[in-house]
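Participant: I am attaching a structure below and will ask some questions about it afterwards.
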Amino acid sequence: MTAPLLTAAEFKKIRWSLVALVILLSVGAAAVMAALQLDARAEASHRKAVGDRQDIRNRLARAQDEEKELREKIAKHQAMVAQGIIGQEHRLDWVEKIRQIKQERKLIDLQYELSPQHAVDKSIVPTDGGGFEVMASPMKLQMKMLHEEDLLNFLADIRQQDTQAYVRPRQCTLVRLPPQAREPANSAMLSAECQLDWITLREKGKS
């Protein structure tokens, strides 16, 4: 028969030490668990703080972008107001502008016809006008000229900032005049026919 590892007398001597050891082990395990829980909470708190900081940065970036966009819109609006694009069309001023260009550029022959103003199709200008509707005054232009630069110069001139409209060329057809159709008096070599839109903005609800 195998002898016991500890006799009753020996166990009696160390029992309180064993009890103390068990207590210490329990306390140690509890301390480890508490430390792990605190570490987990600290990690979660850190992640939340990082997320909150990133959210604040994102909101700040969006606010700065919105502020920049607003300033750009205000600047564009002010520029259009100063240019005369916003409001009623200025047909008399446009006619005078064309007359001046024809005279200053010494254009051979220039004929045009302005059609009634109408709202531009939203499929062409899909963006939100911000309380304004986009209006177009179509113009049919016919020119006889010596060379292509006469047409290019004319289009550049009517698109200057003092035109009180945004002029959009939609189509231009340029043909060379046959010898029998040329006029010796003015040396016209080319003929052009263009479709233009004089674009302005009108406040919605106003006619």
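Bear in mind that the values in this text are calculations on the coordinates, not laboratory data. Treat the numbers as computed from the prediction; the structure is a model and nothing was measured. Methodologically, a virtual Cβ is constructed for each residue, glycine included, from the backbone with ideal geometry; neighbour enumeration extends over all protein chains shown.
Participant: Below 12 angstrom from the Cβ of Ser115, what's the summed charge of the other residues (Lys, Arg +1; Asp, Glu -1)?
Facilitator: Within the 12 Å Cβ shell, the charges total -1.
Participant: Take peptides 133-142, 100-109 and line them up by average Cβ neighbours within 10 Å, highest first, as a rough protection proxy.
Facilitator: 133-142, 100-109
Participant: With 19 Å as the limit, write out which pairs from Lys48/Lys68; Lys102/Lys144; Lys140/Lys204 have Cα-Cα distances beyond it, or answer none.
Facilitator: With Cα atoms farther than 19 Å apart: Lys48/Lys68; Lys140/Lys204.
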